[in-house]
Structure formats: structure tokens, C-alpha cells
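See below for the structure under consideration.
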Amino acid sequence: MSHLLTNVSLQAYHTFGIDVSSAFWVSLDSQRHAVEFLVDNIESDMPVLMLGGGSNMLFTQDWSGLVIHNQIKGIDVVQTEGDYIWIRVGGGENWHELVMHCLEQGWGGIENLSLIPGSVGAAPIQNIGAYGVELTEVFVQLEAIQLSTGLTRTFDRQSCQFGYRDSIFKRHAKGKFLITSVTLRLTRQNHRLNTTYGAIPTELEKQGLEPSIATISKVVCDIRKSKLPDPDEIGNAGSFFKNPIISNTAFEAIQAAYPSVPHYPQPDGKIKLPAAWLIQTCGWKGKRIGNYGVHERQALVLVNYGGANGADILSLSQDIQASVAETFQIELEREVNVY
Ligand code: FAD
Ligand code: NAP
């Protein structure tokens with residue numbers, strides 16, 4: 001049974017903590033309830049917003065339609081073979097709690113993605129990534145209900161069209177499906193550790209730890225806690241922009257003017273630049289305008305110090321984009337979903 005609520009405050013349900021509300025709200029806690037609810041409401045032309053942990057969104061106004069809060073839980077082993085184990089996870093499970101559960105079972109593959117906020121159902125949307133690993137590396141398939149038909153569809157890795165912090169669900173399938181479960185292939189032995197990301201080996205060495213799935217998770221959590229603002233303390237949605245990937249020619253022009261520009265060559269010959277460095281070089285790091293601003297330690301994170309308005313934060317983000325475009329001729333692409 002799904003209860004429709006009206007005029008629900010969204011402030012506690014997203015990590016920016018903006019004081020907005022939704023006209024309608026429903027929590028769905030099983031695939032069956034979700035299908036029933038969506039089939040019953042196919043005729044409705046009300047705008048629908050899927051909500052997980054609210055850690056990748058900025059509200060600039062009240063939501064005049066329906067919010068569907070994904071609470072579909074469950075972690076099931078669906079197959080084991082050789083070194084591998086396949087698990088199907090409810091979209092409403094918390095991502096970091098899933099990582100901790102897998103570590104307790106001795107399952108590897110997502111330890112580098114420790115402490116990323118949000119739900120399992122949202123993880124494929126931007127192909128979450130951190131510390132040298134992306135979801136796509138362990139992703140098998142997801143199940144999603146199409147809002148316009150109530151039919152369940154399976155998307156394999158290819159049909160998700162994963163890219164850098166990107167998938168089909170951020171492009172033409174945006175807002176059209178409710179992701180109800182995600183299936184991952186993890187290792188249960190002979191783990192393939194990923195220690196390519198500079199901060200991991202440095203921190204392991206500093207703490208005198210041998211690389212393992214548990215120690216990698218530990219140092220990733222330690223590094224993240226030391227660098228990132230905790231949304232429970234200061235409202236934010238993590239990185240506001242993606243790191244731009246530019247041509248080698250464009251990079252050489254920037255490097256000529258800024259010889260120490262940090263950069264990461266990509267397999268296709270292009271160059272990834274840290275957006276934080278671009279923003280910081282334009283002078284925005286730590287800039288505070290009343291109750292919102294750019295975080296003092298991490299220029300990629302815009303923050304709500306309390307009581308900020310989402311439209312003001314959006315406007316600040318646009319000023320930053322204009323400033324980076326003018327200085328570097330780079331169009332920063334927003335990572336956060338704006339409503
Ligand atoms: P929400 O914010 O609830 O939703 C995000 C988008 O997905 C919205 O468009 C929403 O409508 C849609 N959506 C949500 N659930 C579903 C569903 N079940 N079906 C269909 N659509 C859905 N991201 C990274 O990639 N790497 C990081 O290291 C990282 N670090 C972060 C650190 C901090 C402090 C914060 C605040 C955020 C960070 N993020 C990071 C961003 C964020 O945590 C991820 O994008 C996460 O996957 C969002 O999950 P969520 O459940 O909170 O999604
Ligand atoms: P960092 O270690 O200070 O590095 C800055 C940027 O340089 C990163 O964004 C990263 O790109 C890139 N980089 C660093 N070392 C790299 C390497 N060996 N190979 C390729 N690229 C490298 O970054 P940070 O801000 O503290 O974040 C650490 C990790 O957590 C990053 O992976 C970041 O994406 C992730 N994170 C994401 C969010 C979010 O909301 N999306 C928020 C916080 C942290 P990549 O971002 O491509 O890895």
C-alpha cells in the first residue's frame with residue numbers, strides 16, 4: 001500500500017538543505033508496490049521526481065509535482081562462479097552501507113567508492129566514481145520501471161551508455177525511469193586492487209598498511225573525511241561541476257600560460273583538468289556571499305552555510321562558469337541536478 005502525502009518539506013531529504021517542499025510525496029518500498037503505484041498513475045500528467053539520498057541535487061524552488069522516494073531494500077546473492085559473486089541490490093539501499101556490507105563479507109570491487117553518499121539506485125545515473133574506480137567496472141545490469149508505461153525494463157552495461165560521471169539516465173532517459181535494483185559482479189577471492197590513485201598508496205604507506213580491500217576502504221574514508229565538507233554540518237552536493245576533458249591543443253595553450261597546471265592524460269589522448277584548480281585559479285576558492293559560497297578547502301564544492309536560497313547558489317555557479325570560460329575558454333559542465 002502506498003500513501004500519498006501532500007506538502008512535504010524536502011529540507012531534510014537532500015544534502016544541500018534548501019528549505020523547499022514538494023506538493024506530493026510517496027515512498028515506495030518494493031518493486032511490486034512501485035509497479036502498482038506507477039500503473040495506477042500512468043494517466044497523471046504531474047511532473048515526477050525520483051529521490052534517493054538527495055546528495056546530487058539543488059532545488060531552486062518548491063517542487064510542484066510528485067516526489068517518489070525510493071525505499072526498495074534488499075541485497076541478494078544471485079550467482080557465484082570462480083572468483084566472482086553477483087549481487088542484486090534494491091535501489092533504496094544506502095550506497096556506503098552496501099560497501100561496508102560487502103567488505104564484511106570479503107567481497108571486493110567497490111572499496112574505492114567508500115563513503116560516497118546516496119542510494120544504490122542513483123549510483124548508475126552518473127556512473128559514480130572516485131579514487132580511480134567507476135561503477136561501470138562492477139556493473140552488470142539494472143532494473144527500472146518506465147514511468148509512462150509501468151513496464152519493467154532491464155538495462156545492461158552497454159544500454160546504460162556509461163561515460164565520465166554520465167549515463168543515458170542523465171541524458172535522454174532522464175526522469176523517465178525509476179531504477180529499482182542494480183546487479184553488481186564483485187570478487188570473492190583474488191581481488192583486483194586499484195591503487196593507481198596517488199592519494200591511496202601515499203596514505204597506505206603513511207599508516208603502515210598493506211593494500212587490501214579493507215585497508216583501501218579505510219584510507220579512502222580517512223582521506224575523504226579530511227578533505228570534504230560533511231553535509232550534516234554544511235549543506236552541499238559534493239562536486240558541483242565535472243572535471244573537463246579537453247583536446248591536447250587546448251591543453252597546450254593553457255600550459256603555456258600556466259606551466260604548473262595539474263593534468264591527467266586520458267586513454268583517447270585528451271587531457272582531464274581538475275575543475276577545482278580552474279575555479280581556484282579564477283579566485284573563487286573560499287568566496288562567501290552571506291549564507292552561501294565556495295568551500296574554503298575544496299573549490300569544486302558550493303555550500304549552504306544555513307538558510308541559503310537554491311537560486312542564489314545556482315547564480316553563483318553560473319558566475320563561476322562564466323569566469324572559467326573567460327579565463328580558460330573552458331565550459332564547465334554541471335554535475336549536480338538542478339530542479
Ligand atoms: P539523488 O541526489 O537523490 O538523485 C540524483 C539524480 O538521480 C536525480 O536526478 C534523481 O531524480 C535521480 N534518481 C535518484 N534515484 C533514482 C532512481 N532510483 N531511479 C531513477 N532516478 C533516480 N559522486 C561521485 O560520483 N563520486 C563521489 O566521490 C561523490 N562524492 C560526494 C561527496 C559528497 C559530500 C556529496 C554530497 C556528494 C558526492 N557525490 C559523489 C555525488 C552523489 O553522492 C552521487 O551522485 C550519488 O550517486 C547520488 O545518489 P542519491 O541517491 O543521493 O541521488
Ligand atoms: P583530488 O585527489 O584532490 O584530485 C583532484 C582531481 O584530479 C580529481 O577530481 C581527479 O579526477 C583528478 N585526479 C587526481 N589523481 C588522479 C589520478 N591518479 N588519475 C586520474 N585523475 C586524478 O580530488 P578530490 O576532490 O579530493 O576527490 C577525490 C576523489 O573523490 C576523486 O575521484 C573525485 O572525483 C571523488 N569525489 C567526487 C565528488 C563528487 O561529488 N562527484 C565529491 C568528492 C570527491 P576524478 O574526479 O576524475 O577522479
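Structural remarks
- Among the strands (runs of 3 or more DSSP E) confined to region 78-166, the ones with at least 2 residues that are crowded, with 18+ Cβ neighbours inside 10 Å are located at 84-90, 139-146.
Condition check ((1) away from ligand 2 (no atom under 14 Å from the Cβ); (2) crowded, with 16+ Cβ neighbours inside 10 Å) across all residues:
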residue	(1), (2)
227	no, no
231	no, yes
243	no, yes
248	yes, no
253	yes, no
265	no, no
277	no, yes
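- Region 1-20, subset among the hydroxyl-bearing types (Ser, Thr, Tyr) and surrounded by 11 or more Cβ atoms within 10 Å (Cβ to Cβ), residue farthest from residue 230 (Cα to Cα): 2
- Applying the condition of being assigned to a helix (DSSP H, G or I) and at pLDDT 95 or above to region 186-205 and asking which residue is surrounded by the most Cβ atoms within 10 Å (Cβ to Cβ) yields 200.
- Test set (1) free of Cβ contacts under 8 Å to residues at least 24 places away in the same chain; (2) more than 16 Å from ligand 1 (Cβ to nearest atom); (3) of a type outside the set (Ser, Thr, Tyr) - residue 296 fails condition number: (2)
- Filtered residues of region 279-324 (kept if surrounded by fewer than 19 Cβ atoms within 10 Å (Cβ to Cβ), assigned to a strand (DSSP E or B) and either in contact with a Leu (Cβ under 8 Å, 6 or more places away or on another chain) or β-branched (Val, Ile, Thr) (or both)): 289
- Within region 193-226, the set of residues being touching a helix residue (DSSP H, G or I) at 6+ places or on another chain (Cβ under 9 Å) and of a type in the set (D, E, K, R) comprises 203, 206, 210, 218, 222.
- Residue ID - surrounded by the most Cβ atoms within 10 Å (Cβ to Cβ), chosen from residues in region 27-73 that are touching a residue at least 40 places away in the same chain (Cβ under 8 Å) and among the aromatic types (Phe, Trp, Tyr): 59
- Within region 167-185, the set of residues being free of Cβ contacts under 8 Å to residues at least 40 places away in the same chain, in contact with a Phe, Trp or Tyr (Cβ under 9 Å, 6 or more places away or on another chain) and assigned to a loop (DSSP other than H, G, I, E, B) comprises 173, 176.
The values are calculated or read from the model by the stated rules, or taken from the named source; none is laboratory data. Please read these numbers as outputs of a predicted model, since none were measured by experiment. Methodologically, a virtual Cβ is constructed for each residue, glycine included, from the backbone with ideal geometry; neighbour enumeration extends over all protein chains shown.
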